[in-house]
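**Student:** I have a structure here, written as C-alpha cells, and I will follow up with some questions on it.
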Amino acid sequence: MTPQNSIYLDYAATTPVDPRVLSAMLPYFQKTFGNPSSVHTYGQQAEAALENAREKVAQTLGCRPKEIIFTSCGSESDNLALRGLALAARQQRNANHILISPVEHHAVSHTAQQLAEYFGFELEYLPVDRHGMIQPQVVAEHLKPSTALVSVIYANNEIGTISPIAEIGAVCNARQVPFHTDAVQAAAYLPLDVNALHVDAMSIGAHKFYGPKGIGVLYMRQGTPLLPVQTGGGQERGRRAGTHNIPYIVGLAEALALSQAESPARTAQLVPLRNRLLGQVLEEIPDVLLTGHPEQRLPNHASFVFKGLDGNALLMALDMEGFACSSGSACKTGSPEPSEVLTALGLSRSWALGSLRITLGHANQPSDIEALLKVLPPLVEKLRKLG
Ligand SMILES: Cc1ncc(COP(=O)(O)O)c(C=O)c1O
C-alpha cells in the first residue's frame, strides 16, 4: 500500500501545502532572494516582502504589525512565549509562579517544567474538567500576585476541546497577568482576533493550515515584557535573532489569510463528515468513549479511546488497510506510555492506551468516512481478541 492510495486522516499532525501558497512562495527562493537586513536593492525587496507578510498576518490577528514575531515553528513560538515572559516577569516584578493547564502540548509543558526544574520557577497546573476544558473561574482562583504568566491551549491537539480563551484572557487582564495561548491547532478553524480573545501572547504554526512546515508566529502584545531567548542579530526588534526565512514567511501569511477566509466553508464541509464518524463509532463499537468535548471541539476532530486495546497496534493495522490516523499528538506516536492529556481527563491506563485520533481536511470525502466505518469495527474486535 503506497501513501498515494492511502486515505489521509491526520490533518492535525500536518497538512499539505496549498498550491496557491506554494506559488506565492516560489519567487522568494531564487528571484527575490535577498537578506532583508541588507541595505542594497536585493535587501530592500526582501524587506518589502517581509513587511507585507507581517502586515497581512497582523490584519488577520487584528493587531499591529510590530506585535508579530516570526519564528521557526509553533514549538519555538511556545518556547519564546513561556521562557521570554517568565524570565522578564521575574526580572521586572519578582514574579515566580507559572500557571498552565495539564492538557498543554509538550512545547508548552516541557518548557514550563524546565523553567521549574532548572530555573527555580514554581509551576502549578490548573484543574480541568472531564472534557479537558479549563474554566475561567478556575483560573481566577489560582492567580497569585507572584504569577508570572498563564498559558492555556486554545484548541487541544489530542482531544479537540476548545477552551473559553476570551473569558480566561479577561480574567488574566483584570489581574494584569500576561496570558499566552497556544493556538497552533485553533488557527485553521477558529477566530484569531487577539483583542477579542484578550490574549497577550499567541502561538501559531503554518503547517497546520496548509502552509509550509518550519515557520511560525508569536503574537506579543506591545508593552508586554519579554526577554529574548534566541540572541544574535537585531531581527524582529531584538526579540528573535536569525536571518528571516522570506519564502516561508510569505507562505505563512498567504496560508493564514486563505485559512481565515475559507474556514467557514471548510467547517461546513467537514462537520457533517466528522459527526457521521462520531455517531457511528460510538453506536457500533462496544467499550468506546469520545475524548474531549462533544460540542466545543474543532470541526475536523474526532478522538476516541477503546478499552483494552493497544492504540499503536490499531494505528498500524489501520495503516495496512490504507488509513493514516493518529493516537494523539504527532510527536507522541510510538510512545508506550498513556498520554498525559488523556490521563488528565481521569482515564485509567487500560482506556488511555487505546486512543485513536482522526482529523479531517480539505481532501476528505464522505466515501472516505464510509470506507473507514467498514474497516474500523471489525479491526477493533479482532485486535481485542488478539490482545
Ligand atoms: C497544540 C500544538 N502546539 C504546538 C505544536 C508544535 O508546532 P510545530 O510542529 O509547528 O512545532 C503542535 C504540533 O503538533 C500542536 O498541535
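We did not get these values from a lab; they are worked out from the coordinates using the rules stated. Nothing here was measured: the structure is a model prediction, and the numbers come from that model. Heads up, the Cβs are rebuilt from the backbone with ideal geometry, glycines too, and the neighbour counts pull from every protein chain shown.
**Student:** Work out from phi, with θ = phi - 60° and the Karplus expression 6.51 cos²θ - 1.76 cosθ + 1.60, the ³J(HN,Hα) of each residue of the stretch 161-177, listed in order in whole Hz, and give x for Gly and Pro.
**Tutor:** 4, 9, 8, x, 4, 4, 6, 5, x, 5, 4, 5, 4, 4, 9, 6, 10
**Student:** Here's a follow-up. I want to check the label-to-label distance for ASN5 and GLN365. Put each point 7 Å from Cα in the C-beta direction and report it in nm to one decimal.
**Tutor:** Spacing of the two 7 Å Cα→Cβ label points: 1.5 nm.
**Student:** If you take every DSSP beta bridge whose two residues both sit in the stretch 19-259, what share of them, in percent to the nearest 5, is antiparallel?
**Tutor:** Approximately 45 percent, going by the DSSP bridge assignments.
**Student:** Moving on to the next point. Taking neighbour counts of Cβ atoms within 10 Å as a proxy for exposure, in what order, fewest first, do LYS213, LYS382 appear? Don't jump to the answer; show the numbers that get you there.
**Tutor:** Working: LYS213 17, LYS382 11.
Neighbour counts put them in this order, fewest first: LYS382, LYS213.
**Student:** Taking K and R as +1 and D and E as -1, what net charge do the other residues with C-beta under 15 Å from the C-beta of THR161 add up to?
**Tutor:** Local net charge: -3.
**Student:** While we're looking at this one, here's another question. Report the charge-dipole magnitude of the chain in Debye, nearest 20, computed about the Cα centre from +1 at each Lys and Arg Cβ and -1 at each Asp and Glu Cβ.
**Tutor:** Values: 30 positive and 34 negative charges, 110 e Å.
So the magnitude is around 520 debye.
**Student:** Can I ask one more? Local charge sum around LEU347 (other residues, Cβ-Cβ under 12 Å, Lys/Arg +1, Asp/Glu -1)?
**Tutor:** So the surrounding residues net to +1.
**Student:** Just want the ordering: GLU104, GLU124, GLU295, from fewest to most Cβ atoms lying within 10 Å of their own Cβ.
**Tutor:** Details: GLU104 25, GLU124 15, GLU295 7.
Ordered by Cβ neighbours within 10 Å, fewest first: GLU295, GLU124, GLU104.
**Student:** Helix-only mean residue ellipticity at 222 nm, the chain, DSSP H runs n ≥ 4 weighted -39,500 (n - 2.57), per residue, nearest 500. What is it? Each step should come with its number before you reach the end.
**Tutor:** Working: 12 runs with 162 residues, N = 387.
Calculated mean residue ellipticity at 222 nm is -13500 deg cm²/dmol.
**Student:** Highest GNM mean-square fluctuation, the chain, Cα pairs closer than 10 Å: which of ASP287, ASP18, ASP78?
**Tutor:** ASP287
**Student:** Spelling out what I want: for every residue of the stretch 274-283, take phi, set θ = phi - 60°, compute 6.51 cos²θ - 1.76 cosθ + 1.60 (Karplus), and round to whole Hz; glycine and proline get x.
**Tutor:** Listing the rounded values in order: 4, 5, 4, 4, 4, x, 5, 5, 5, 7 Hz.
**Student:** For the stretch 255-273 and the stretch 55-128, compute the distance between their C-alpha centroids and round to whole Å.
**Tutor:** 28 Å
**Student:** Let me ask you something else. At a Förster radius of 30 Å, what calculated FRET efficiency corresponds to the Cβ-Cβ distance of LYS144 and GLU337, to the nearest 0.05?
**Tutor:** 0.45
**Student:** Given a cut-off of under 8 Å on Cα pairs at least six residues apart, what relative contact order in percent is computed for the stretch 19-259?
**Tutor:** Numbers: 498 pairs, mean separation 65.2, N = 241.
Taking the mean separation of contacting Cα pairs over the length of the stretch 19-259, I get 27 percent.
**Student:** For SER350 and PHE29, what does the FRET efficiency come to when R0 = 41 Å and r is the distance between their Cβ atoms, rounded to the nearest 0.05?
**Tutor:** Rounded to the nearest 0.05, the efficiency is 0.25.
**Student:** In vacuo Debye scattering of the chain, one point per C-alpha: log10 I(q)/I(0) at q = 0.09, 0.12, 0.13 Å⁻¹?
**Tutor:** At q = 0.09, 0.12, 0.13 Å⁻¹ the computed log10 ratios are -0.53, -0.92, -1.06.
**Student:** Here is a further query. Would you please give the residues with an amide H less than 5 Å from that of ALA12, counting only those at least 5 places away or on a separate chain, with H modeled from the backbone geometry?
**Tutor:** When sequence neighbours closer than 5 places are left aside, the close amide H contacts are THR359.
**Student:** Order 196-203, 94-101, 45-52 from most to least packed using the mean count of other Cβ atoms within 10 Å.
**Tutor:** Result, highest mean first: 196-203, 94-101, 45-52.
**Student:** Then there is this: Return the Rg/Rh ratio of the stretch 151-281 with Cα-based radii and a Kirkwood Rh.
**Tutor:** Checking Rg against Rh, the ratio lands at 1.01.
**Student:** Calculate the spin-label point distance for LEU289 paired with ARG130, positioning each point 7 Å from the Cα along the beta-carbon direction, and give it in nanometres.
**Tutor:** 0.7 nm
**Student:** Rounded to whole Hz and in sequence order, give me ³J(HN,Hα) for the stretch 211-217 from the Karplus expression 6.51 cos²θ - 1.76 cosθ + 1.60, θ = phi - 60°, writing x for Gly and Pro.
**Tutor:** Calculated HN-Hα couplings, in order: x, x, 6, x, 8, x, 9 Hz.
**Student:** For the residues PHE33, PHE323, PHE209, what sequence is obtained by ranking on other C-beta atoms within 10 Å, fewest first?
**Tutor:** Exposure proxy ranking, most exposed first: PHE33, PHE323, PHE209.
**Student:** Okay, moving on. Out of residues 5 or more away from PHE323 or on other chains, whose amide H comes under 5 Å of its own, with H placed 1.01 Å from N in the peptide plane?
**Tutor:** The list, which skips near neighbours in sequence, is ILE7.
**Student:** So, one more: Quick one: which residues, 5+ away or cross-chain, put their amide H under 5 Å from the amide H of SER355? H built at 1.01 Å from N.
**Tutor:** Under 5 Å from the amide H of SER355 lie the amide H atoms of PHE306, GLY311, each far enough along the sequence or on another chain.
**Student:** Using +1 at the C-beta of Lys and Arg and -1 at the C-beta of Asp and Glu, which of HIS97, ALA187, GLN137 has the Cα lying farthest in the positive direction of the dipole of the chain?
**Tutor:** Of the options given, the answer is HIS97.
**Student:** Next up: So if R0 is 35 Å, what FRET efficiency would VAL271 and HIS40 give, r being the distance between their Cβ atoms, rounded to the nearest 0.05?
**Tutor:** So, using R0 = 35 Å, E works out to roughly 0.10.
**Student:** Sequence gap of 8 or more, or different chains, plus Cα separation below 25 Å: how many lysine pairs satisfy both in the chain?
**Tutor:** Lysine pairs meeting the criterion: 16.
**Student:** Contour minus end-to-end for ALA313 and LEU282, with contour as 0.36 nm per residue of separation and end-to-end as the Cα-Cα distance?
**Tutor:** 9.2 nm
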